[in-house]
Number of protein chains: 2
Amino acid sequence: MSSRRKFIKKSTVLGAGIMMAPSLTFGMSKPQDKLKVGMIGVGLRGTNHLNNVLLRDDVLVTAICDIDPNRISIALDMISKSGDPAPKVFGKGDLDYRNLLDLKEVDAVIIATPWLWHTRMAKDAMLAGKYAGLEVSAANTMEECWDLVNTHEQTGTHMMILENVNYRRDIMAVLNMVKQNVFGELVHFRCGYQHDLRFVKLNDGKSAYGKGVEFGDKGISESAWRTQHSLLRNADVYPTHGVGPIAVMDNINRGNRFTSLTSTATKAIGIHNYIVEHGGKDHPNAKLKFKQGDVITTTIETANGESIIVTHDCNLPRPYSLGFRVQGANGLWEVDGNRMYIEGQSKPHRWDEADEWLKKYDHPLWQKYGEKAMGAGHGGMDFFVIQAFVESAKQNIAPPMDAYDAAAWSAITPLSELSIENNGEPQDFPDFTRGMWIKRKPYNWIKDSY
Amino acid sequence: MSSRRKFIKKSTVLGAGIMMAPSLTFGMSKPQDKLKVGMIGVGLRGTNHLNNVLLRDDVLVTAICDIDPNRISIALDMISKSGDPAPKVFGKGDLDYRNLLDLKEVDAVIIATPWLWHTRMAKDAMLAGKYAGLEVSAANTMEECWDLVNTHEQTGTHMMILENVNYRRDIMAVLNMVKQNVFGELVHFRCGYQHDLRFVKLNDGKSAYGKGVEFGDKGISESAWRTQHSLLRNADVYPTHGVGPIAVMDNINRGNRFTSLTSTATKAIGIHNYIVEHGGKDHPNAKLKFKQGDVITTTIETANGESIIVTHDCNLPRPYSLGFRVQGANGLWEVDGNRMYIEGQSKPHRWDEADEWLKKYDHPLWQKYGEKAMGAGHGGMDFFVIQAFVESAKQNIAPPMDAYDAAAWSAITPLSELSIENNGEPQDFPDFTRGMWIKRKPYNWIKDSY
């Protein structure tokens, strides 16, 4: 056991008070110079993260894991080209990642695997004392949401949900406005994942985004695993890109919490239509009944009386939008239409273009690193989410988005499924903080973020 | 009893089959040359309608009713200036409108009174054999929704809900697109009433839209009656501007129906804040607890598997928007951002500006009457809704938006209230058509509209 892990075990005894403190170091006494990172999953998403960590001076990739040898080759090639030493390689079977977790020369892991592996791997990482960065969504079931929380509390090891949209430039500017009270007391939010994924969920088994209507064993990349969730679950299976940013603005788990939701699903015709159109009506997949409604509408209530509409809309032809609205007693921002209204500053009853406002409240982090970030993927978000992960892990402090957040955000999946199954019956959120939300303080996204 | 009323009574015996037929004449055998109209309520809204009927050659205003003598003066002045003969005048007490309904020289009435009078007056009008045009919203309670339907079926007299937004130019163009299947099978809709009404709900008791924080007995115009609904009811009290157009596009009560809804309300802070800001924290109204949540989100499910989000957002500072979205298997329109996407025609994953589409599918009615309509108020909508009412009443045929529509749309108010009171519990819609929705045919909004 490394000295760091020993220290963590000891500090755990001190109990939840310390674990909850958002910026209290209880890992190494001095921040490490280089964080030794293991990459679990180096598919399209994992290599995107790999690229970002390789660009950093303060990270060494000491191990990689993937069950696909092609992806291992690609990752090794990237590391070699970066000039870094070759990492240890794992991938002999589904559970070989546990051998990576046993390595002394791994401080932290970045997990970017199919959804069904997310919680299992994050849990094992925390049990092994590795600071865990977990791709979205974090959990598939309510039990898994609790696994994340309970394992964090049991081990004292941190996990961060790697929700990149929280670092989008407009989101951080609007968060800045929220913190400066420009919107006044917050009242209502909208968000969601509205993204035509038909060409992602179905392909030809040869290229990730090629034409074709195959998935599962005959598919490739995300279609090999993601589509099964659309086939069998009528739920918002991907809530965090929308709800993550809103939860942070609304202090969820930190003075506020999600209390209940209702959820409604439309008929499911989008994927079927796509299969018929591109594969013909006699294609075997044209006979499948996809359970996931094409548009799923979830309305969340919070302890402080706000409501949040979360949309999942991924099976119909449409341009991308996360559909954000942030509305308070003094005004609102709507991403659709790029517009802002602030009472007393905007002309009465007239929208402002949001651009000037977003520029005025541009987040200090974006002002500092914006240019550097823009090359990192997804419009710069990925740079910042990896930076926050690396900096938090180096100091072994609580991350900006932790196990409680991962659990509350991901709980939308099983709760929406239950509500839909029961004709929209409201479903209560568990209190993953076991009451601590009434005294937990918000993370300082303006000052403490990296 | 006039010969027309006798005819109606007789035709009622023939039963629902005839009453349901959307374009079968069962009133006078020949359309009347001039429709004799009684105006019940000549406040701001009523005189707007009065102005429109006075501009028509085929209408004679034979009677007016209002309990406010000032409004009577204004209306009489308008009629006098138009060159028409003076109408009979009613207004001696709340129930004097019933004397107007007894007049032989009234064929039809336009009811534009405070909400609590809507159903009562429309019911009395139908009982008196007068074709009834009823302002929105049509009913306050579930019993009143049934009153409208049952009275229509009992008397064979028609009523039309005067929902002007159904005649908005963009709405009619999009309806045209719906009917031409441009969006494909319909899946999801959004709509609502998002209108900062703080300065309407509160005024100084002297002018309708002046500053001031009075309402009820100390208020004037809408604040004298409308605000009480915000004080005591936590419900979407004004659903039809949003849901009317969507219900028509989605064939509600004509091959489809609303089946259930869930509703969520936020905290109520907007009106209180406004009172404190403009009247001071010691103003008596600052002590009131307004029950109506600032943003109310209602999600409706339909028999054919679509969902409709209806928003009520009237107590916070914000520019006006009815927030329409119409989404089908082939694409979608969103009014916010003025954008359209149609698969195979729009560039993949890119929005078109909606303008070109709306121009291409401009409704024939707007092409014919657009210029004339534009002077009529509310951007031309009021011209068309009055034209449809007058033409339907002249022929005594079922209107485009009838008692079943008025009931189903207005039922959102009591059902949302119940759902909110019960933490979002789903509420079932009654089937106001008593099963007939499975064989009722949609009104032909393209061909039969006037």
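A few remarks follow.
- Contour minus Cα-Cα distance for residue A:180 and residue A:150 (0.36 nm per residue): 7.4 nm
- Accessible-area ranking of A:248, B:276, largest first, probe 1.4 Å: B:276, A:248
- Cα gyration tensor category, rounded, prolate or oblate, for the protein assembly as shown with a/c compared to 1.5: prolate
- Each residue of segment A:198-211 is assigned a 3J(HN,Hα), and the resulting list reads 4, 7, 8, 6, 9, 8, 9, x, 10, 10, 4, 10, x, 5 Hz, derived from the Karplus form 6.51 cos²θ - 1.76 cosθ + 1.60 (θ = phi - 60°), x at Gly and Pro.
- Applying the Karplus relation 6.51 cos²θ - 1.76 cosθ + 1.60 with θ = phi - 60° to segment B:146-161 yields 3J(HN,Hα) values of 5, 3, 4, 5, 5, 5, 4, 5, 5, 9, x, 8, 8, 9, 10, 7 Hz, where x marks Gly and Pro.
- Aspartates and glutamates with Cα under 13 Å of residue B:394, excluding same-chain neighbours fewer than 8 positions away: B:33, B:57, B:58, B:107
- Distances between placed amide hydrogens fall under 5 Å for residue B:193 paired with B:311, B:312, B:313, all partners being 5 or more residues away or on another chain.
- Computed about its Cα centre, the charge dipole of the protein assembly as shown is approximately 40 debye, with only Lys, Arg, Asp and Glu carrying charge at their Cβ.
- Cβ-based charge dipole, chain B, positive-most Cα from B:48, B:207, B:424: B:48
- Straight-distance crosslink candidates among aspartates and glutamates, where the alpha carbon sits under 14 Å from residue B:439 and sequence neighbours closer than 8 are dropped: B:431
- Other-chain or far-sequence residues with amide H under 5 Å of residue B:302's (modelled H): B:259
- Peptide B:191-203 - average C-beta neighbours from other chains (10 Å radius): 1
- Restricting the trypsin sites (Lys or Arg not before Pro) of segment B:35-92 to loop positions (DSSP other than H, G, I, E, B) with no more than 12 neighbouring Cβ atoms within 10 Å leaves B:92.
- Residue B:283 label point (Cα plus 7 Å toward Cβ) to equivalent points in the other copies: 6.2 nm, shortest first.
- Dipole magnitude of segment A:294-431 about its Cα centre (Cβ charges: Lys, Arg +1; Asp, Glu -1), debye to nearest 20: 680
- Buried between B and A is an accessible area of approximately 4400 Å², summed over both sides with a 1.4 Å probe.
- Global form of chain B, assessed from the alpha-carbon gyration tensor, a/c cut-off 1.5: rounded
- Shape call, segment B:40-113: gyration tensor on alpha carbons, a/c limit 1.5: oblate
- Inter-centroid distance (Cα atoms) of segment B:212-283 relative to segment A:246-261, Å: 26
- Whichever lysines have a C-alpha closer than 24 Å to that of residue B:281, once near sequence neighbours (fewer than 8 apart) are set aside: B:201, B:206, B:211, B:218, B:267, B:289, B:291
- Between identical copies, the spacing of residue B:232 label points, each set 7 Å from Cα toward the C-beta atom, reads 5.4 nm from nearest to farthest.
- Only helices enter the 222 nm calculation for the protein assembly as shown: every DSSP H run of n ≥ 4 contributes -39,500 (n - 2.57), and dividing by all residues gives -10500 deg cm²/dmol, rounded to 500.
- Per-residue average of Cβ from other chains inside 10 Å of B:337-344: 3
- Annotation for segment A:264-296: trypsin sites (Lys or Arg not before Pro) lying in DSSP loop with at most 16 further Cβ atoms inside 10 Å of their Cβ are A:281, A:289, A:291.
- Sorted shortest first, the distances from the residue B:447 label point to those of the same residue in the other copies are 7.1 nm; each point sits 7 Å from Cα along Cα-to-Cβ.
- Phi-derived couplings, Karplus 6.51 cos²θ - 1.76 cosθ + 1.60 at θ = phi - 60°, listed residue by residue for segment A:350-361: 10, 6, 8, 4, 5, 3, 4, 5, 5, 6, 4, 9 Hz, with x used for Gly and Pro.
- Among the trypsin sites (Lys or Arg not before Pro) in segment B:303-380, those located in a DSSP loop and surrounded by at most 14 other Cβ atoms within 10 Å of their own Cβ are B:350.
- For segment B:175-221, the relative contact order works out to 24 percent when only alpha carbon pairs closer than 8 Å and six or more residues apart are counted.
- Distant-in-sequence amide H partners of residue B:293 (H built 1.01 Å from N, under 5 Å): B:235
- Counting Cβ atoms of other protein chains within 10 Å of each Cβ in A:314-323 and taking the mean gives 6.
The values are calculated or read from the model by the stated rules, or taken from the named source; none is laboratory data. Everything quoted here is computed from the prediction, not taken from an experiment. Note that we place each Cβ from the backbone using ideal geometry, even for glycine, and neighbour counts take in every protein chain shown. Only protein heavy atoms, including side chains, enter the accessible area calculation; ligands, DNA and RNA are left aside. Shrake-Rupley method; radii C 1.70, N 1.55, O 1.52, S 1.80 Å.
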